[in-house]
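Engineer: Take a look at the following structure, please.
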Amino acid sequence: MKSQPIIQLEGLTKTYDLGEVQVHALRGLNITIDPGSYVAIMGASGSGKSTLLNILGCLDRPTGGRYWLGGDDVSTLEDDALSIIRGQRLGFIFQSYNLIDQLTVVENIHVPLFYQGRDLEQCWDQCVQLAGLVGLGDRLDHRPKQLSGGQQQRVAIARSLVNDPLLILADEPTGNLDSQTGREVLEVLGRLNAAGKTIVLVTHGEEVAARAHRVIRMKDGLVDRDELNRKSVAAAAHVATAHADAAAAR
Amino acid sequence: MKPIIPIAFVRIVQLGVKSLLLHKMRSALTMLGIIFGVCSVIAMLAIGEGASHEAQEAIKKLGSSNVIIRSVKRTPENNSAGQSKRSFVAEYGLTYRDAARLQATIPGIRRVLPLRIMRDDVRFSTISHPCQIIGTHPLYPEINGLDLLAGRFLTETDETYQNNICAITLSLAESLFTGQNPLEQEVKIGPNYFRVVGIVRERGTEQKRPQSGATEGQTIDANVYIPLSSARSRFGDVIFRRSAGSFEAEKVELHQLTLQFENPDSVETAVPLIQRALERFHTLKDYELVVPLELLRQAERTKRIFNVVLGSIAAISLLVGGIGIMNIMLATVTERTREIGIRRALGAKKQDITTQFLVETVVLSVGGGLIGVLVGVTAPLLVEQIAGMKTIITWWSVVIAFGISALVGVVFGLYPARRAAGLDPIEALRHT
Ligand SMILES: Nc1ncnc2c1ncn2[C@@H]1O[C@H](COP(=O)(O)OP(=O)(O)O)[C@@H](O)[C@H]1O
Ligand SMILES: [Mg+2]
């Protein structure tokens, strides 16, 4: 299955100009990610993972090189255009969940649609359905402070899905969770990927990376190693078939 | 992806109100500055307007194209000090010749209304009532604002034949003729009888109660109007007054002259001419000139100054309120940096963030403005009740006060909102 890549980076660089010193956080990345991939980015601290993810998430612009997202060159877009791209094509999952405290679960899930001009009343069903998908169907009116870390992260996952994004970006999504809840969250991500979502996540944990199909290891702003993970690819194929069977049976 | 303004706006206002309700106490305290500002503008303007309205009404009643000259008692000093009071007849004031001269020489004069005023008791059968006897011309009602309620007023014929007829004010009629029809009855003033031909009412006295200054039993407008010629022939020019065992006698021909001009413009040029004409024949300044037009202008000037002072006070209080709002909003922006980052990451444009925070500020200031209007509209009513002062709430003071409060929200909200929108999303997300 050969189709247009979701992400294509060409000689991507990022330099932080601190006046006297220049920090070369990314020094020329060439990465291509196909639709439906599940990619883990690993590397030592300071190797440029977060910088890369920020650029992929259109929160930041590269200093040099090109970045095509879904076929469009987004490396030189203006601030407003980047906002639109983020709102329409991307889903974010953060290490610290980043929910809005004063909003309820449903309202938090709804936020990306708010900025696309859609009322909560209009997309209530959709938001409730997503809350159910991550197992929080009975917590719709709860506030983030009333939920456990794992539950909060699941709300964040539901929120990242609400705009039906091309790509889900996760920066150490299990970093703040204990191993049991972390596994639950990874289960959810695995199911999403099996259902066709493209996921790029940054992690320090080898067992987290083990679930991805592809692991990109970074070092000093460059790709150190980029390898496929045979075992998880096979497992994913199996799960996908099972899903397809289940769908067919219904 | 076109933003639908009205619905989007409603949503963003809802969001703002919700955020503000999270910190009720803080929002309320922030609004207080605006509430006080708006309330004080409306209340103070209402009180000022009420006060100046009363003054202006009084002046307007005198007529803006009129000049009023009144006789003032002013006797030579050496006379009054050295001589016996009993034999002294104070002679002063305006004369019939003054009236004729002014009418003949001052340009722009339309009519001259002379007035002779005496105080005496009026009797009908057994009832006696102190009142003012006013000798005047048929023009009086028109120039001085007198409503005819029944019968007729004095006529030229009455003046020519020195008829013993009179018109009386309603309040006098009520006290003298309890229940009877006063018309065609005869009242006695001094030794003379006058037939009542008309009932009148001074304009502007419809509702007035007797004030504390008026002597007991004497309503403020107990007036008897008789022809000037009759007044002169029946009572003479000398008025006797008994006081503390000695007689006081005054010789005054006319107590007041009302000069009515063609229009207010000719008043201005005429005033110095009148002064010069009078000075020539009155070595002592035994008269005073009242120019309602000038008084009116002065009252307006005073009012304008008053409004400017009030406006400055109001502006300062609203400024302080605005600074309070800005202060709180800056704190809010810092406090909610993380939220701003999240919203930006999820698709909010800079403009969305600006609007969100601006709306919050405007909701605060407009909310404060609304409460301020309510309080500001009630406060003058209380003042009226408690202090007995007249107040007038003008619609424009409400509009201005409210408008400024909304403007304060925009002006002082813009900086914090821009600051919020200008935050780097990545930095904002990292904020704890
Ligand atoms: N805003 C910034 N200003 C200056 N230097 C930065 C900034 N963000 C990251 N860096 C630098 O860029 C390099 C890569 O950082 P980062 O992408 O955060 O690494 P990682 O997420 O892999 O730990 C580091 O040397 C870091 O100090
Ligand atoms: Mg990092």
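Every read-out reported here was derived from the displayed coordinates using simple, explicitly stated rules and does not represent laboratory data. Because the structure is predicted, anything quoted here is derived from the model rather than measured. Note: ideal-geometry Cβ built from the backbone for every residue, glycine included; neighbour counts use all protein chains shown.
Engineer: Could you check which residue among B:Gly37, B:Gly190, B:Gly145 shows the biggest mean-square fluctuation in a GNM of chain B with a 10 Å Cα cutoff?
Structural biologist: Between B:Gly37, B:Gly190, B:Gly145, it is B:Gly190 that shows the largest mean-square fluctuation.
Engineer: Going Cα to Cα from B:Lys390, which aspartates and glutamates come in below 16 Å? Please leave out same-chain ones fewer than 8 positions away.
Structural biologist: B:Glu49, B:Glu54, B:Glu57
Engineer: Based on the Cβ-Cβ distance from B:Lys61 to B:Ser229, what FRET efficiency comes out when R0 is 30 Å, to the nearest 0.05?
Structural biologist: With R0 = 30 Å, the Cβ-Cβ based efficiency is 0.65.
Engineer: Across peptide B:345-357, how many C-beta atoms of other chains are within 10 Å of each residue C-beta, on average?
Structural biologist: 6
Engineer: Taking the Cα of B:Val377, stepping 7 Å toward and past its beta carbon, and measuring to each backbone N in segment B:393-432: which are under 15 Å?
Structural biologist: B:393-403, by backbone N distance to the label point.
Engineer: Let me ask something additional. Using only the alpha-carbon atoms, how far is helix B:24-62 inclined from the longest principal axis of chain B? Give it as 0 to 90 degrees, nearest 10.
Structural biologist: 20 degrees
Engineer: Quick one: Cα centre-to-centre distance for segment B:405-432 and segment A:1-72, in angstrom?
Structural biologist: Here the answer is 30 Å between Cα centres.
Engineer: Something else: For chain B, what relative contact order do you get, as a whole percent, if you take Cα pairs closer than 8 Å and at least 6 residues apart?
Structural biologist: Relative contact order here is 30 percent.
Engineer: Right, another one. Between B:Arg203 and B:Ala406, what's the calculated FRET efficiency when r is the beta-carbon distance and R0 is 45 Å? Round to 0.05.
Structural biologist: It comes out at approximately 0.60.
Engineer: Further question on the same structure: Run the simple label-point estimate for B:Gln275 and A:Glu227 please: 7 Å along Cα→C-beta, distance reported in nm.
Structural biologist: Computed distance between label sites B:Gln275 and A:Glu227 equals 11.1 nm.
Engineer: Using each residue's phi in segment B:345-354, evaluate 6.51 cos²θ - 1.76 cosθ + 1.60 at θ = phi - 60° and report the 3J(HN,Hα) Karplus result to the nearest Hz, with x for Gly and Pro.
Structural biologist: Running phi through 6.51 cos²θ - 1.76 cosθ + 1.60 with θ = phi - 60° gives 4, 8, x, 6, 7, 3, 4, 4, 5, 3 Hz.
Engineer: How big is the Rg/Rh ratio for segment A:37-249, C-alpha atoms only, Rh by Kirkwood, two decimals?
Structural biologist: Looking at segment A:37-249, the ratio lands at 0.96.
Engineer: Please work out how much length the chain gains when fully extended from B:Val13 to B:Arg123, using 0.36 nm per residue of separation minus the C-alpha to C-alpha distance, in nm with one decimal.
Structural biologist: 32.0 nm
Engineer: Roughly how far apart, in whole Å, are the Cα centres of segment B:245-317 and segment B:164-201?
Structural biologist: Segment B:245-317 and segment B:164-201 have Cα centres spaced 33 Å from each other.
Engineer: Taking the Cα centroid of segment A:92-132 and of segment B:361-381, what is the distance between the two, rounded to the nearest whole Å?
Structural biologist: That distance is 35 Å.
Engineer: I've got another one for you. At 10 °C and 1.306 mPa s, what whole-number value in µm²/s does Stokes-Einstein give for the translational diffusion of chain B, with Rh from the Kirkwood sum over Cα pairs?
Structural biologist: 58 µm²/s
Engineer: Related question: Trypsin sites (Lys or Arg not before Pro) within segment A:1-54: which are DSSP loop residues with at most 15 other Cβ atoms inside 10 Å?
Structural biologist: A:Lys2
Engineer: Same structure, new question: Taking 1 over the mean of 1/r across every pair of different Cα atoms in the protein assembly as shown, what Kirkwood radius in Å do you get?
Structural biologist: For the protein assembly as shown, inverting the mean 1/r across all distinct Cα pairs yields 33.6 Å.
Engineer: Could you check the spin-label model distance between B:Tyr161 and B:Arg111? Points 7 Å from the Cα along Cα→Cβ, value in nm.
Structural biologist: Taking the two extended label points, one gets 2.2 nm.
Engineer: On to the next question. Assuming R0 = 35 Å, can you tell me the calculated FRET efficiency for the pair B:Ala104 and B:Glu300, based on Cβ-Cβ distance, to the nearest 0.05?
Structural biologist: 0.55
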